[in-house]
1. Given the options A159, A243, A212, A230, name the one that is of a type in the set (G, A, S) and outside any helix (DSSP H, G or I).
2. How about segment 55-88: which of its residues are of a type outside the set (G, A, S), at pLDDT 95 or above and closer than 16 Å to A10 by Cα?
3. Report whether or not R262 is at pLDDT 95 or above, basic (K, R) and over 26 Å from V24 (Cβ atoms).
4. Step by step: first the residues of segment 6-20, then only those that are crowded, with 24+ Cβ neighbours inside 10 Å and touching a Ser or Thr at 6+ places or on another chain (Cβ under 6 Å), then the one that is farthest from D105 (Cα to Cα). Which residue is that?
5. On the basis of being farther than 26 Å from L199 by Cα, part of a helix (DSSP H, G or I) and among the small types (G, A, S), does A112 make the cut?
6. Any idea how many residues of segment 277-296 are closer than 26 Å to V71 by Cα and without any contact (Cβ under 8 Å) to a residue 12 or more places away in the chain?
7. Starting from residues that are of a type in the set (D, E, K, R) and more than 16 Å from G81 (Cα to Cα), keep the ones in segment 212-226 and report whichever is modelled with the lowest pLDDT.
8. For the list (1) part of a strand (DSSP E or B); (2) over 24 Å from R135 (Cα atoms), I need the number of the one condition that A13 fails.
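The values are calculated or read from the model by the stated rules, or taken from the named source; none is laboratory data. Remember, it's a predicted structure, so these values are computed and weren't measured experimentally. Neighbour counts are summed over all protein chains in view; Cβ atoms, including those assigned to glycine, are modelled from backbone coordinates with ideal geometry.
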Amino acid sequence: MKLGIVGAGAVGAAVTIAACMRGVARDIVLIDKDAARATGVATDARYGAALCATDITAGTYGDLAGASLVVLTAGINEKAGGATNRNDPLGRLRLLSTNAGVFEDIVPQVVAAAPSATLLVVTNPPEPLVDITRRLAGHDRVLSTSTFLDSLRFRFHLAKYFGVDPMSVDANVIGEHGTFSVFLWSSAQIGGVPLVELLADRGIPFDEFRAAIEQEVRFANISIIEGIGASQYGIGMVVSRVAECILRDERAVLPVGSHQTRYGVTLSLPSIVGRAGVERVLWPKLSEEEQRGVLASAERLAGVAQQLAGAA
């Protein structure tokens with residue numbers, strides 16, 4: 001199987017390494033507007049890839065021919081785009097106008113070269129970029145990593161507090177990969193036991209605990225950027241896992257983004273992921289507060305999309 005990666009920056013490079021280490025694809029093709037950068041990343045990774053039976057090359061859009069999946073990581077990142085202010089209500093949406101322009105350029109070229117490929121959007125903000133990609137691609141085989149990484153961060157911090165393996169935590173973040181993400185506290189469980197019961201048993205005030213955990217998760221990316229300049233390794237591993245599900249047609253359930261007709265925008269929800277991307281969304285049971293949160297997220301994304309369309 002062939003995997004294409006458009007964008008050889010920090011995230012694209014991390015995806016390359018993670019995909020190689022997991023043995024996701026036999027062939028990985030890297031494309032970047034800076035051809036020398038793509039060549040450098042591919043060459044560096046290629047020497048280690050001899051241990052993984054993966055062929056990594058740099059190329060042009062034409063080299064995407066035959067790719068089953070193309071990962072889109074191109075665009076301006078949070079640091080360069082000025083989206084690292086914890087008090088900025090726009091958050092990652094601040095990057096939309098610039099990155100929409102990038103996608104207007106790259107998506108038609110990707111589709112021309114690999115018309116049958118599924119497209120995985122990683123660039124921020126992922127939800128509105130899925131809708132832009134769907135329009136440009138002319139098909140629905142488009143999804144985004146969205147809140148998958150947020151959900152893993154949520155599970156990690158819950159597991160750390162309770163002293164368990166994160167694999168034992170069942171908890172999701174849905175909606176948007178941003179300021180208005182919705183934490184599903186009502187259904188969060190550890191080993192099948194509702195989290196609210198575990199907190200009550202320990203005499204832990206729920207509101208204080210919730211505020212602390214959500215603060216850690218919502219702004220994890222900014223803390224990482226302050227330390228190393230880019231949030232790249234976690235998302236690299238997440239992309240690799242989603243790619244694995246698509247290329248192997250696993251039909252695993254992951255919290256990823258796809259277009260939701262009832263809201264008219266892309267939202268991240270637990271979804272069955274297979275060869276064609278999101279094959280079915282599994283709507284979780286939500287509390288009234290969580291339902292309001294999803295609606296607020298959808299309305300916010302719709303408003304931003306309308307503003308962008310008006311400025312076009």
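1. Only one candidate qualifies: A230.
2. V71, L72, T73, listed by residue number.
3. no
4. A19
5. yes
6. Residues meeting the conditions: 1.
7. Initially, segment 212-226 is screened for residues of a type in the set (D, E, K, R), giving 214, 216, 218, 226.
So of that shortlist, the ones also more than 16 Å from G81 (Cα to Cα) come out as 214, 216, 218.
Numbers: E214: 95, E216: 93, R218: 90.
Selected residue: R218.
8. It is condition (1) that A13 fails.
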